[in-house]
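Just below is one structure, and these are the notes that go with it.
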Amino acid sequence: MLADDSGAPGERADGSASVDARGGTSSDASASSSTGAGAAPPAAFACLAEHYAGRAIEIGGAGWSLELPDGTRVPHDDGRTKTAADRIASPDVEDIFALGYPTGPIVPVTDPEHDPGRVRLEPLFRATYGANAHEVSAALVPVKLARKTVRFHRRAAPALERVAARIDALLQADPTLDRYFRDLGGTFATRTIAGTDRTSAHAWGIAIDIDTSQADYWRNGPKRVWRNRIPSVIVDAFEAEGFVWGGRWFHHDTMHFEYRPELFDPRCRSAG
């Protein structure tokens, strides 16, 4: 028999029942899954289980949803046909993975619909990183990057420390790369994304902007044409540790790197 939220055997009051997506007991710090009749949840939930809070639930004929610790539910598929802008504005779980995140050589982005990694489930981020600025701020720890100390969320800090080790090796081999780190644009900042009411990834302490003087941004310039000056070796160092790069977007922000490990998890490559 399956366990409910209290750990007692049996179904939950709403008709769903819970087991861990990885075959064990669930934990408060990661997403788990629940099944009513032994059916496996979509692959996206097993993938998210490694990185975020919440659980997968299936209730009657309503399909699968992600249930967060506060009871908020986000459907796996809300049934809507969406543009890229729709997915960003009102995402369901599968929208996170609608565009596979590309790695490898840097190429110009010419498709206005191509913004892999810009879809963010804000309720999921709040449940995982902190519900407000006070909670996030309390979870920040110092990380040294290119001889600068920044504050980063403790859940993402180990990944940034690994990036820092890669950057140190790059700087030792090619000191001219230092110009991309002389004046960091910042990490934690409680704010919305420019021109929107959506929360910036910086507000959760999981994003870093490198030197602003070397950056290109889609809102700047008369034609909003994709531009980039960030070398591929720097991009590779961040992506190798689970950070998406804003230069992979048509609506580009090339100084921006954001910790999104689910987009690099092999199980998520086919999730949705």
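Observations, loosely collected:
- Only one entry of Ala173, Ala159, Ala165 meets the criterion of being modelled with pLDDT of 95 or more, of a type outside the set (Val, Ile, Thr), touching a Gly at 6+ places or on another chain (Cβ under 8 Å) and at negative phi, and that entry is Ala159.
- If you filter the range 237-259 down to residues that are touching a helix residue (DSSP H, G or I) at 6+ places or on another chain (Cβ under 8 Å) and part of a helix (DSSP H, G or I), you find that the one that is nearest to Ile106 (Cα to Cα) is Gly247.
- Residue among Arg198, Arg191 that alone is touching a helix residue (DSSP H, G or I) at 6+ places or on another chain (Cβ under 8 Å) and without any contact (Cβ under 8 Å) to a residue 60 or more places away in the chain: Arg191
- Residue in the range 215-230 that is modelled with pLDDT under 95, hydroxyl-bearing (Ser, Thr, Tyr) and over 22 Å from Leu48 (Cα atoms) present: yes
- Inspection of the range 209-219 identifies no residue that is of a type in the set (Asp, Glu), in contact with a Lys or Arg (Cβ under 7 Å, 6 or more places away or on another chain), part of a loop (DSSP other than H, G, I, E, B) and closer than 16 Å to Arg260 by Cβ.
- Residue check for Val119: of a type in the set (Val, Ile, Thr), buried (at least 20 other Cβ atoms within 10 Å of the Cβ) and touching a helix residue (DSSP H, G or I) at 6+ places or on another chain (Cβ under 9 Å): yes
- Residue check, Trp245 in the same structural domain as Arg155 (by TED's automatic domain parsing), at pLDDT 95 or above and crowded, with 23+ Cβ neighbours inside 10 Å: yes
- Within the range 145-157, being surrounded by 13 or more Cβ atoms within 10 Å (Cβ to Cβ) and out of contact with any Leu (no Cβ under 8 Å at 6 or more places or on another chain) holds for Arg155, Ala156, Ala157.
- Test set (1) in contact with a strand residue (DSSP E or B) (Cβ under 8 Å, 6 or more places away or on another chain); (2) under 30 Å from Thr72 (Cβ atoms) - Asp211 fails condition number: (2)
- Residue check for Thr192: under 17 Å from Gly117 (Cβ atoms) and at pLDDT below 95: no
- Close pairs (8 angstrom Cβ cut-off, 6 or more residues apart or separate chains): over 22 Å from Thr176 (Cβ atoms) in the range 137-151, surrounded by 12 or more Cβ atoms within 10 Å (Cβ to Cβ) and acidic (Asp, Glu) anywhere: Val143/Glu161
- Residues in the range 166-191 that are more than 30 Å from Glu122 (Cα to Cα) and small (Gly, Ala, Ser): Ala169, Ala173.
- Selection of first residues in the range 60-86 that are at positive phi and of second residues that are modelled with pLDDT of 95 or more and surrounded by 13 or more Cβ atoms within 10 Å (Cβ to Cβ), restricted to Cβ pairs under 6 Å at least 6 apart or on distinct chains, gives an empty result.
- Considering residues of the range 73-102 that are loosely packed, with under 15 Cβ neighbours inside 10 Å and hydroxyl-bearing (Ser, Thr, Tyr) only, the residue nearest to the chain's Cα centre (by Cα): Ser90
- Residue ID - surrounded by the fewest Cβ atoms within 10 Å (Cβ to Cβ), chosen from residues in the range 168-194 that are polar (S, T, N, Q) and within 29 Å of Gly130 (Cβ to Cβ): Thr192
The values are calculated or read from the model by the stated rules, or taken from the named source; none is laboratory data. Nothing here was measured: the structure is a model prediction, and the numbers come from that model. Cβ: placed from backbone, ideal geometry, glycine included. Neighbour counts: every protein chain shown.
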